[in-house]
1. Would you check if there is a residue in the range 55-75 being at pLDDT 85 or above and over 27 Å from Val171 (Cα atoms)?
2. Among residues belonging to the range 148-168 that are of a type outside the set (D, E, K, R), buried (at least 21 other Cβ atoms within 10 Å of the Cβ) and at pLDDT 95 or above, point out the one that is farthest from Glu299 (Cα to Cα).
3. If I filter the range 72-90 down to residues being surrounded by 20 or more Cβ atoms within 10 Å (Cβ to Cβ), outside any strand (DSSP E or B) and in contact (Cβ under 8 Å) with a residue 60 or more places away in the chain, which single residue comes out as nearest to the chain's Cα centre (by Cα)?
4. Looking only at the range 261-268, decide whether some residue is under 17 Å from the mean Cα position of the chain (by Cα) and without any contact (Cβ under 8 Å) to a residue 24 or more places away in the chain.
5. Being in contact with a Leu (Cβ under 8 Å, 6 or more places away or on another chain), of a type outside the set (Val, Ile, Thr) and under 11 Å from Leu86 (Cα atoms) is the filter; apply it to the range 102-121 and report the residue that is surrounded by the most Cβ atoms within 10 Å (Cβ to Cβ).
6. Could you identify the single residue in Arg300, Arg277 that is charged (D, E, K, R), in contact with a Pro (Cβ under 7 Å, 6 or more places away or on another chain) and surrounded by fewer than 18 Cβ atoms within 10 Å (Cβ to Cβ)?
7. For the range 130-140, what are the residues that are under 20 Å from the mean Cα position of the chain (by Cα) and not aliphatic (A, V, I, L, M)?
8. Go through the range 91-129 and count every residue that is within 23 Å of the chain's Cα centre (by Cα), in a loop (DSSP other than H, G, I, E, B) and among the charged types (D, E, K, R).
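The values are calculated or read from the model by the stated rules, or taken from the named source; none is laboratory data. Owing to the predicted nature of the structure, the values given are computational and were not obtained by experimental measurement. Every residue, glycine among them, receives a Cβ derived from its backbone with ideal geometry; neighbour counts consider all protein chains shown.
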Amino acid sequence: MLNQHKDRRSQQQEEADNEAEKAISMGQVAQGAAAYDHNTERESTRAVRDPYHSLEFMVTWHFLQQLLPPTGLVLDAGGGLGRYALELCRAGYEVVLLHPSPRLVSLARETFAMEPYAVQRRLLGSAIGDVQDLSMLKGDHFDAVLCLGGLLTHIGSSTGRDKALSELVRVARPGALVAISVMGYLAMLRAILVLFSDDLLDPSLQALVSSGDTASATDTIRHFFRADELRQQAESAGLTTIQMVGCEGLSTGLAEATNALGQDAAKWAQWTQIVNRTCTEPAVVDMAEHILYLGRKAERRA
């Protein structure tokens, strides 16, 4: 009886711990949404403000075009201002857009309102939501699922990240493409060298340096990934890896040189070809500022 009582207490404690971690994770999502809302202007220009920052979208779109089905229904989870959703709708796909930030979702709707009706009607829905809980969406439903721009990085709890990955896979059709991007751990360490080297011995940086976990100045919890860590977690969620990509490629951490090169159209065209050709090299992937995972959900067995 005593052992049974201990087992019940252990189970109750485990359930309580899980609920506590879930609450923490949900709180981190709320913090992330608030940070997105607070930094709307920065977010709206992040992917287009200069040649260096344009690489993330350019390289990601390059690989999506290769792997997406010719037509279909796409979930853009964490799609923010709708940059990918807009390109997808222009290309003929139907899209559901979801993001935790009410402000960014509202701005995405405004952007779509300026598009031709043929593009507008392909955006089937735009909702405020948490990628950790997609219970409003049916399972095995989408022909492709995207979670881009590093949204998983803003989920500080490992349980929350596992739940998000599980949900992304659940709503994808068997055989569907699932594309996920995160912020890279090694690129973050290089950023410390460039921007915060004077604080390298500060105790507040030790968790970040040792584990990749930190809270930003806006209290947004972040987890920076190694490439193999992302691959293992995606495969554990039920995906088969197709490719991994370093979105900024060989330009990672070299914004000034990249932007200077971007002033010459011919040189920029040559450089982007080099980036696209080399961005799947394992060393380049692991060093990238944004790491893109491309996988497929397993086909249903007959």
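1. Step one: filter the range 55-75 for residues at pLDDT 85 or above, giving 55-75.
With over 27 Å from Val171 (Cα atoms) added as a condition, the list becomes 55.
Scanning the range 55-75 turns up at least one residue that is at pLDDT 85 or above and over 27 Å from Val171 (Cα atoms).
2. Our first condition is that a residue be of a type outside the set (D, E, K, R); within the range 148-168, this holds for 148-160, 164-166, 168.
Cutting the leftovers down to buried (at least 21 other Cβ atoms within 10 Å of the Cβ) gives us 148-157, 160, 164-165, 168.
Okay, now just the ones that are also at pLDDT 95 or above, so 148, 164-165, 168.
Numbers: Leu148: 23, Ala164: 20, Leu165: 17, Leu168: 15 Å.
This residue is Leu148.
3. Quick first cut of the range 72-90, residues surrounded by 20 or more Cβ atoms within 10 Å (Cβ to Cβ) only: 74-86, 88-89.
Cutting the leftovers down to outside any strand (DSSP E or B) gives us 78-86, 88-89.
Filter once more, so that each one left must be in contact (Cβ under 8 Å) with a residue 60 or more places away in the chain: 78-80, 84.
On the way: Gly78: 7, Gly79: 9, Gly80: 11, Tyr84: 12 Å.
So the residue we want is Gly78.
4. Restricting attention to the range 261-268, the residues satisfying the condition of being under 17 Å from the mean Cα position of the chain (by Cα) are none.
No: zero hits.
5. First, the residues of the range 102-121 that are in contact with a Leu (Cβ under 8 Å, 6 or more places away or on another chain): 104-105, 107-108, 111-112, 115, 119.
Next, from what is left, pick out any that are of a type outside the set (Val, Ile, Thr): 104, 107-108, 112, 115.
The next check asks that each one be under 11 Å from Leu86 (Cα atoms); those that pass are 108, 112, 115.
Details: Ala108: 23, Phe112: 20, Glu115: 15.
Filtering first and then ranking leaves Ala108.
6. Arg300
7. Asp130, Gln132, Asp133, Ser135 - these are the residues of the range 130-140 that are under 20 Å from the mean Cα position of the chain (by Cα) and not aliphatic (A, V, I, L, M).
8. Within the range 91-129, residues that are within 23 Å of the chain's Cα centre (by Cα), in a loop (DSSP other than H, G, I, E, B) and among the charged types (D, E, K, R) number 1.
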